[in-house]
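Right, one structure below, let's go through it.
The numbers here are math on the coordinates, done by the rules we state, and not lab data. Just so it is clear, the model here is predicted, and its values are computed rather than measured. Note: ideal-geometry Cβ built from the backbone for every residue, glycine included; neighbour counts use all protein chains shown.
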Amino acid sequence: MNLLEQQAANRRRTWFVMAVFIIFLAVVGAGVDAFVIGNGGPFVPVATMAALAMGGGQSWWSLRFGDRSVLASAAAIPLETRLAEAASDDERLRYRQLQNVVEEMSIAAGIPVPRAYVIPDSDPNAFATGRDPAHASIAVTDGLLRMLSREELQGVVAHEMGHVRNYDIRLMTVVAALVGAVALLADWAGRSMRFGGQRSSRRDKGGGAAGILFFAVWIVAIMLAPVVGRLLALAVSRRREYLADATGAELTRNPIALADALEKIESAVEPTPSIKQGTAHLCIADPMGRRLTQSESGWAELWATHPPMSKRIAALKTMGYLKVGT
Amino acid sequence: MPFLVLLGIVAVFAFWVIGAYNGLIGLRNQKDNGWKQIDIQLKRRHDLIPNLVNTVKGAMEFERDTLTAVMEARNKAMTAASPADAGAKEGALTAALGRLFAVAENYPQLRANENVKMLQEELSGTENKIGFARQFYNDIATKYNTRREVFPTNIIANSFGFQRAELFEITDAAERAVPTVDLSMRK
């Protein structure tokens, strides 16, 4: 598949996962409303709406102010400050290069220049944050600047610019709101089962075999809710990584440089302690330093925020029309 | 009743015309803005070149021809009249700069000079920005042209006189050709 087809495929699959997520939330929520709160009157999804409001409120807050706390927790320093305080000419050249590369990529993407930050960490990594392209920030570690060539750095910045242009920060915040709402609903259902004993009488009003079947499905959904919510969120995150790779390739028209950068980053990958796990889905590589080899993909892949490097590199090489060895 | 149906059809048609027209305007403005971005970056390159020439002049006494060629190409590029003219002259400037950097490789004190390195980074950054601005312009102009030509939007485009956007192309044959590198030590 060329890069535009890969972008389209990843967008489709994101929406598929999101649709599954919303159906799952609807099942869990409808069950709570029918069996826990239900009072025989007209069906009003009180619990579902309350859970969505609470999850949404929390997420709105993180969307509005999350970028500052993420940058602060990573101890990111504005690039201008680093440039002004650069100790050596070499360092100044590297920071100036980063500034130029960020400007180049914002021109290619046709969005305002995001603020650039440097994280004083020797492990190579990078992330993007901010609620929309006009309020975006891109942070890069010192280790990444030292390790990559100009073209490879361009590839990594293009990947982050892809997250910005595709509104991934916003999407992942919405996903976090859904995960929160599902967890809340499951929690309420669990509590009411422990405390109240009169649901059984209400359940009978559900109406025959269909009602009992739905009740059974709902019980299973409630028990699996925390796990399923997390897995669906991770599935969305992995799709967005592939999409950001493809968008990055579209911006630089040089997918091979990004593939080279990913290879270098993977060979050096060890935990990036300055980046907290909550930001993992916006990084170029998983900051926990977990490495997935092709052989253990599958089960382990399900639990990762990022697809295995080998698969990302293979996808990029396909975009660059290189034959991929199997 | 038939009157209401007719009114509904007219309303839907009017909304479609407004939507199509506004969509074309939006794309045309984006395209024009993309074109201005190219100009901004070209101007930046013109501003950087005298700095570069002054920095390397001392060490490159013997390469006066190369240096004057760069300055001349720059001055010509600044007086370009039309986009096609600018394309050709900017191409010549790029070629002259390429020769300058190739020759500069022979001067060890230049290669180690931090000012030269920094200027080189600024210039290659600017060249990249020109390239990406052209790429963005071409992408958006293609989108605009496609929107302008597909049925049924083409009816709107033609009746309101939306012109086809020119794509940026390499006009200079020398720039398109793959550079030949002669590694034999003749001369």
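How big is the antiparallel share of DSSP beta bridges in the protein assembly as shown, given as a percent to the nearest 5?
60 percent
Per residue of B:124-132, how many C-beta atoms from partner chains lie within 10 Å of its own C-beta, taken as a mean?
6
Once whole DSSP H runs in chain A are found, which of them have Cα atoms spread over 24 Å or more along the helix axis and a mean Kyte-Doolittle score of at least -0.5? Let's see the in-between values first.
Details: long enough: A:3-31 (42 Å, 0.92); A:46-73 (37 Å, 0.43); A:89-109 (30 Å, -0.84); A:168-195 (40 Å, 1.08); A:208-252 (60 Å, 1.12).
Within chain A the helices that satisfy the rule are A:3-31, A:46-73, A:168-195, A:208-252.
What nm distance separates the two modelled labels at A:ASP187 and A:ILE219, each placed 7 Å from Cα along Cα→Cβ?
Each label point lies 7 Å from its Cα, and together they span 2.4 nm.
Cα centroids of the stretch A:121-190 and the stretch B:102-124: how far apart, whole angstrom?
36 Å
Sort the following peptides by mean Cβ neighbour count (other Cβ atoms within 10 Å, averaged over residues), highest first: A:240-246, A:154-160.
A:154-160, A:240-246
Applying 1/(1 + (r/R0)^6) with R0 = 51 Å to the Cβ-Cβ distance of A:PHE16 and B:GLU61, what FRET efficiency is obtained, to the nearest 0.05?
Here the calculated transfer efficiency is 0.15.
To the nearest whole number, what is the average tally of beta carbon atoms from other chains within 10 Å of the beta carbons of peptide A:101-107?
Details: counts 2, 0, 6, 11, 3, 3, 15.
That average works out to 6.
Can you quote the Å³ per residue value for the convex hull of the Cα atoms in the stretch B:34-167, rounded to an integer?
Values: hull volume 12.7 nm³, N = 134.
Considering the Cα atoms of the stretch B:34-167, their hull volume per residue is 95 Å³.
222 nm [θ] for chain B, helices only, -39500 (n - 2.57) per DSSP H run of 4+, per residue, to 500?
About -27000 deg cm²/dmol.
Is it possible to state the helix-based mean residue ellipticity at 222 nm for chain A, with each DSSP H run of 4+ residues giving -39500 (n - 2.57), the sum divided by total residues, to the nearest 500 deg cm²/dmol? What is it?
Computed ellipticity for chain A at 222 nm equals -22500 deg cm²/dmol.
Return the percentage of antiparallel bridges among DSSP beta bridges fully within the stretch A:54-165, rounded to the nearest 5 %.
Expressed as a percentage, antiparallel bridges in the stretch A:54-165 total about 55.
Could you work out the relative contact order of chain A, using alpha carbon pairs under 8 angstrom and six or more residues apart, expressed as a whole percent?
This gives 24 percent for chain A.
At a 10 angstrom cut-off on C-beta neighbours, averaged per residue, how do the peptides B:127-134, A:128-135 rank from highest to lowest?
Answer by packing, highest mean first, reads B:127-134, A:128-135.
Anyone know which of A:PHE16, A:PHE127, A:PHE24 comes out most mobile in the 10 Å Cα GNM of chain A?
Judging by the Gaussian network model, the answer is A:PHE16.
With the dipole of chain A worked out from charges on the C-beta (+1 for Lys and Arg, -1 for Asp and Glu) around the Cα centre, which of A:VAL102, A:ALA314, A:VAL118 lies farthest toward the positive end?
Among A:VAL102, A:ALA314, A:VAL118, the one farthest towards the positive end of the dipole of chain A is A:ALA314.
Taking springs between alpha-carbon atoms closer than 10 angstrom, which of B:GLU166, B:GLU149, B:GLU105 fluctuates most in the Gaussian network model of chain B?
B:GLU105
Here is the link list: B:LYS31/B:LYS129; B:LYS57/B:LYS117; B:LYS43/B:LYS76; B:LYS57/B:LYS129. Which ones come out longer than 19 Å on Cα distance?
In this structure, B:LYS57/B:LYS129 exceed 19 Å between Cα atoms.
Take the alpha-carbon centre of the stretch B:11-72, take the same for the stretch A:242-267, and report the distance between them in whole Å.
26 Å
Dipole magnitude of chain A about its Cα centre, charges +1 at Lys/Arg Cβ and -1 at Asp/Glu Cβ only, in debye to the nearest 20?
Once rounded to the nearest 20, the dipole reads 1280 debye.
What residue among B:ILE9, B:GLN41, B:ALA104 has its Cα farthest toward the positive end of the dipole of the stretch B:1-112, where the charges are +1 on Lys, Arg and -1 on Asp, Glu, each on the Cβ?
B:ILE9
So for the stretch B:34-167, averaging the separation of alpha carbon pairs under 8 Å that are six or more residues apart and normalising by length, what relative contact order in percent results?
33 percent
In the Gaussian network model of chain B, springs joining C-alpha atoms below 10 Å, which of B:PHE168, B:PHE13, B:PHE101 carries the largest mean-square fluctuation?
B:PHE13
Dipole of chain A (Lys/Arg Cβ +1, Asp/Glu Cβ -1, origin at the Cα centre): which of A:THR173, A:LEU79, A:SER149 lies farthest to the positive side?
A:THR173
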